[in-house]
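Since the structure comes first, as structure tokens, the remarks are kept for the end.
Any read-out appearing in this document is the output of simple, stated calculations on the displayed coordinates, not a laboratory observation. Computed from a predicted model, the values in this text were never measured in an experiment. Counting neighbours? That spans all protein chains shown, and the Cβs are built from the backbone with ideal geometry, glycine included.
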Amino acid sequence: MSAGKVVVVGSLNADLTVRTDRFPSPGETLNGSELVIVPGGKSANQAAAAALLGADVRLFGAVGADGHGDLLLKAAAGAGVDASRVLRRAGTATGTAMIVVDAAGENTIIVSPGANGTVTGAELPADLFEDAAVLCLSLEVPLEAVTAAARAGHDAGAQVLLNLSPYREVPAELLGLTDVLLLNAHEAALVTGLADPASDWDAVLAALAGLGVRRTIVTLGGEGAVVLDGTAAGTDRIVTVAPTRVTAVDTTGCGDAFTAGTAARLAAGDSLADAARFAARAGALAATREGAQSSYSALAEMVGTA
């Protein structure tokens, strides 16, 4: 499926998940389900999902020399990801994410970076970007490492796909190196300063162009997505991606599945709009099963349906 490799640089976390009927109010204690520990982290999730969607995937990041690190490396290999360049840190815990999922399938997440916080740009392997078609980045490792990876990926000729999550302000250099920016409506408002981005996509496109970003996907949750392509002409500049309607069980891994679907199809040579349509289906399918990586087993069913 993939015409070139998808390289993912970033985080690997052990997800500690508990389910409850509703989220607690401040100071309130609720009973929850049995604690479940599964592989996660935005970058590990994206790598696993992209591989299951048919891409040739290479992952770089760091884990601790502990049981959670063993879990993550085994899961990556099981999904078909080349994780041979992932670093192991003695004396540092693997990153963890503490997740609460309510009866509606919505979630809240608190992340403890652990080894993810030690990743540096100086440690990027020399061969990491060989044959890379797409570089997939998010913001769960230090910005210095993300920017260095974007610079190296750009110089190697890969399309740099930046998922602006978890949201923070990023250097102008990083935005300038980004070929495709992926963010949700709330993040679009923060980046552009527009109170209601969905009311004027032309204004969003113009604001992002002013920041050096010409191609963007804004995800809208259950309402689909919008592709903003300043390199296109006419009606192709703003394309609405219809949602795929499903009964949501757990939305934890949906955003990463969307990012993975976009990366996989861009690596295969699809247009940005077609990649987003495929990604919307992948994200929706991930919501029908519990967990993040544990929900991605269904994604392999999509290969060949793009």
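Quick notes
- Near Ala185: Cβ cut-off under 12 Å, other residues only, Lys/Arg at +1 and Asp/Glu at -1. The net charge is -3.
- A cut-off under 12 angstrom between Cβ atoms defines the neighbours of Arg237, and their net charge, with Lys, Arg +1 and Asp, Glu -1, is -1.
- Close amide H partners of Val160, meaning residues 5 or more places away or on another chain with modelled amide H under 5 Å apart, are Leu135, Asp179, Val180.
- Subtracting the Cα-Cα distance of Leu30 and Thr108 from 0.36 nm times their residue separation leaves 26.6 nm of extension gain.
- Rounded, prolate or oblate (a/c below 1.5 giving rounded, otherwise prolate when a/b exceeds b/c) for region 96-226 by Cα gyration tensor: oblate
- Applying 1/(1 + (r/R0)^6) with r as the Cβ-Cβ distance of Ala209 and Thr244 and R0 = 30 angstrom yields a FRET efficiency of 0.55.
- Cα gyration tensor shape of the chain, rounded if a/c is under 1.5, else prolate or oblate by comparing a/b with b/c: rounded
- Short-range pairs are left out: with C-alpha atoms under 8 Å and at least six residues apart, the relative contact order of region 32-122 is 28 percent.
- A helix-only calculation puts the chain at -9000 deg cm²/dmol for mean residue ellipticity at 222 nm, using -39500 (n - 2.57) for each DSSP H run of at least four residues, averaged over all residues.
- Inter-label distance, nm, simple model (7 Å from Cα along the C-beta direction), Asp70/Ala156: 3.0
- Comparing Thr216, Ala185, Gly283 along the charge dipole axis of the chain, the residue lying farthest to the positive side is Gly283, per the Cβ-charge model.
- Gyration tensor verdict on region 151-306 (Cα atoms; rounded if a/c is under 1.5, prolate if a/b is larger than b/c, oblate otherwise): prolate
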